[in-house]
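Worksheet for the structure shown next.
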Amino acid sequence: MLYLSRRVDFSAMHSYSVSTWSDEKNLAIFGLCSNVNGHGHDYQLEVMVRGRLNECSGIVVNTVDIKRIVEDIVFKEFDGKYLNKEHVYFQSYIPTTENIVSYLWDSIGPKLADCELYRLRLHENPYLYSEKGEGNLISLTRKYHFSAAHRLHSNHLSDEENIALFGKCNNPHGHGHNYYLDVTVKGEPDSVTGMITDLNFLDDTVDSLVLKRFDHKHLNLDTDEFKGLNPTSEVVAKVIYEMLDPHIPNLHKIGLWETEKNYFEYFGPGV
């Protein structure tokens, strides 16, 4: 089985609100997204399909055909639109990122030929995206940032072994990174709000439990979480998962960007 993807970009505006709620409750639940006049995004939609290789043509499917099918839906129904007012479906359902990716999944999948839809990933902005595959579950990923220093040194190895393994990262004074943290939750969107989780709750939880503890800190010297631990990015991702898991019921995984080239994921002990 081969997998291939195509990206399509579009712009749209939307607003989050429940008509039976007061303005105060909508503001409390949806924050700035409850602005009745709407707000907008430049969306990026990544469409991944899978299929078997056609031995004659050497391809699974022409990506131009995928582009045509997706753009026919996206440009007619979404691009340049106020979704709440101009899209029939979103006059009944709140156009959250989760609901939009679910609608697109149901719309794109049946139109594909010679391949099947495997995954949709919809970026609302560089710090938030939703993803859907087979089944009813949808994931939502929120990106955060913190700056920290660390020294890679294992007490189980000799000084010579540490230098050989970690090189300049074993510098006794440490070194630093601009870390980007991806926190992914997974579940079924709420039938009323269209959301998997309350983003205000998610932001507050990550900020209080992780960012305020690690931002502008030396992980080896300034934190209790890494006492006795070698703060490699693998370990940092695992520790952050364990910090958040008791407080975020539908936590799916932690992704940690140490640099633009180095990325690490942790899904929990059962995966």
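Helical content alone sets the calculated 222 nm signal of the chain at -7500 deg cm²/dmol, taking -39,500 (n - 2.57) per DSSP H segment of four or more residues and averaging over every residue. Annotation for residue 156 and residue 75: the two label points, set 7 Å from Cα along the Cα-Cβ direction, are 5.6 nm apart. In terms of surrounding Cβ atoms within a 10 Å radius of their Cβ, 166, 201, 78, 267 rank from fewest to most as 201, 267, 166, 78.
Taking amide H positions as placed in the peptide plane 1.01 Å from N, state which residues far from residue 198 in sequence (5 or more) or on other chains have amide H under 5 Å from it. Under 5 Å from the amide H of residue 198 lies no amide H from a residue far enough along the sequence or on another chain. Fully extending the segment from residue 128 to residue 21 would add 36.0 nm, taking 0.36 nm per residue of separation and subtracting the current Cα-Cα distance.
Kirkwood Rh over alpha-carbon pairs of segment 182-271, then Stokes-Einstein at 25 °C and 0.890 mPa s: what D in µm² s⁻¹, rounded to an integer?
My calculation gives 174 µm²/s for D.
Name the residue, out of 54, 35, 170, whose mean-square fluctuation peaks in a Gaussian network model built on the chain with Cα pairs under 10 Å. So, out of 54, 35, 170, the one fluctuating most is 54. Ordering 53, 45 by the number of other Cβ atoms within 10 Å of each residue's own Cβ, fewest first, gives 53, 45. Taking other C-beta atoms within 10 angstrom as a stand-in for reagent exposure, 33, 169 fall in the order 169, 33, fewest first. For segment 1-133, a crude dipole built from +1 on the beta carbon of Lys and Arg and -1 on the beta carbon of Asp and Glu, taken about the Cα centre, is about 200 debye to the nearest 20. Placing unit charges on each Cβ (+1 for Lys and Arg, -1 for Asp and Glu) gives segment 133-271 a dipole about its Cα centre, and among 167, 267, 221 the Cα reaching farthest toward its positive end belongs to 167. Note on residue 86 and residue 247: the extension gain reaches 54.1 nm, defined as 0.36 nm multiplied by sequence separation minus the Cα-Cα distance.
Using the beta-carbon distance between residue 203 and residue 137 and R0 = 25 Å, what value does 1/(1 + (r/R0)^6) give for FRET efficiency, to the nearest 0.05?
Values: r = 22 Å, r/R0 = 0.88.
Efficiency, rounded to the nearest 0.05: 0.70.
The HN-Hα couplings worked out from phi for segment 226-232 by the Karplus form 6.51 cos²θ - 1.76 cosθ + 1.60 (θ = phi - 60°) are 10, 5, x, 10, 8, x, 5 Hz, whole numbers, x standing for Gly and Pro. The residue among 17, 28, 63 whose Cα reaches farthest toward the positive pole of the charge dipole of segment 1-133, with charges on the beta-carbon of Lys, Arg, Asp and Glu, is 63. So the label point goes 7 Å from the Cα of residue 168 along Cα→C-beta, right? Which residues of segment 250-269 then have their backbone N under 16 Å from it? Zone members listed by number: 259-262.
Among the listed values (i) 64, 61, 30; (ii) 61, 38, 36; (iii) 50, 39, 36, the one computed from these coordinates for Cα extents along the principal axes in Å is (i). Distant-in-sequence amide contacts of residue 81, defined by a placed amide H-H separation under 5 Å and a gap of 5 or more residues or a different chain, comprise 13.
No lab work stands behind these numbers, since they all come straight from the coordinates. These numbers come from a predicted model, not from an experiment. Here the Cβ is made from the backbone with ideal geometry for all residues, glycine too, and neighbour counts use every protein chain on show.
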